[in-house]
Amino acid sequence: MPELPEVESLRRILARTAVGRTIAGARIGRAPLRRRATPDFAGAIAGRRIERITRRAKYLMVELDGDDLLLVHLGMSGSLTHRDGRFDSGQFDPRHDHIELLLDDGSRLVFNDPRRFGIVKLVPRAQLSTIAELRGLGPEPLSREFNAEYLAARARGRRVAIKNLLMDQRIVAGIGNIYAAEILFRAGVRPTRRSGRLRRTEIERIANAVPVVLRAAIGGRGTTFRSYRDSRGRPGSFAERLRVYGRKGKPCYTCSTPIRDVVVGQRASFFCPRCQK
Ligand SMILES: [Zn+2]
């Protein structure tokens, strides 16, 4: 499932390739997303200019001229590719491609989502703060609001495992199973530790590890498991740099102890029993 680094690296590429272009038209595929686009979607976005592309948590916001923006969530398996003949000349396939935006320079933005849990919807800008998907999200992990002070305050008195606290979107937005595991490895803290029992120095190590891990992953264009591709159709390269995630039984890169996994909140959680206390 794409997490913040995958969505952010997608945003950066699209900001270079699609911003400033006008949407000439749209095509909708045969298999609808589980949450349908508005019925007049194609008509509503034709002729609109893409002014900015921003991100909140795992949501991309394609800001159009006028009063609307396109809210995009990749769901479990979605991708948004920019096809301009240089990187990807693939034709629109109505069986697997869900939405195609034709841009005025002849390139196309294609949303493809085999499992169809993704979201593409037109939202009035004024309603952004009230829509269900974004309401109640915690601060961005790469913002100043997220720091050791903040994390300590949210962890205080909580019995929840620290890994689940990091994955709670109301606490901090955009961190999922992969990066929570990597952050806790870097911080030297086991995923099962109760949040309220962590020492101040441990909280500080976690808060410091968050931007380091996320920025490195953005630099690697994210991590590819299953179908994730960036907007030029390339897999992310960060999978090669994962220290614990998906490495059960393999030797820790730091101490050679075999990596273990434990179930936390119904998700496999990988850790080094020696490096993480
Ligand atoms: Zn180790």
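Quick rundown of the values:
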quantity: For peptides 265-273, 6-14, 125-133, 173-181, sequence by mean Cβ density within 10 Å, most packed first; calculated: 173-181, 6-14, 265-273, 125-133
quantity: Distance (nanometres) between label positions extended 7 Å along Cα→Cβ at residue 216 and residue 65; calculated: 4.4
quantity: Among 212, 53, 266 the positive-end extreme of the charge dipole of the chain (Cβ point charges); calculated: 266
quantity: The chain, relative contact order [Cα under 8 Å, separation at least 6], %; calculated: 19
quantity: Bins of 5 Å, starting at 0 and running to the largest distance - Cα pair percent for the chain; calculated: 1, 6, 12, 16, 17, 14, 12, 9, 7, 4, 2, 0
quantity: Whole-Hz ³J(HN,Hα) from phi, Karplus 6.51 cos²θ - 1.76 cosθ + 1.60, for region 155-169, glycine and proline x; calculated: 7, 4, x, 8, 8, 4, 4, 4, 5, 5, 4, 5, 8, 6, 5
quantity: Candidate aspartates and glutamates for bridging to residue 58, where Cα separation is under 16 Å - those fewer than 8 sequence places away on the same chain excluded; calculated: 3, 6, 8, 113, 133, 140, 168, 230
quantity: Estimated distance in nm for a label pair at residue 15 and residue 263, the labels positioned 7 Å out from Cα along Cα-to-Cβ; calculated: 4.1
quantity: Check: the chain dipole with +1 on Lys, Arg Cβ and -1 on Asp, Glu Cβ, in debye; calculated: 1500
quantity: Mean residue ellipticity (222 nm) of the chain, computed from DSSP H runs ≥ 4 via -39,500 (n - 2.57), nearest 500; calculated: -7000 deg cm²/dmol
quantity: Unit charges at the beta carbon, dipole of the chain: most positive-side option, 181, 110, 2; calculated: 181
quantity: Most mobile listed residue (193, 16, 83) in the chain, GNM with C-alpha springs under 10 Å; calculated: 16
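FYI, it's all coordinate maths here, none of it is from the lab. Owing to the predicted nature of the structure, the values given are computational and were not obtained by experimental measurement. Virtual Cβ from ideal backbone geometry, glycine too; neighbours counted across all protein chains shown.
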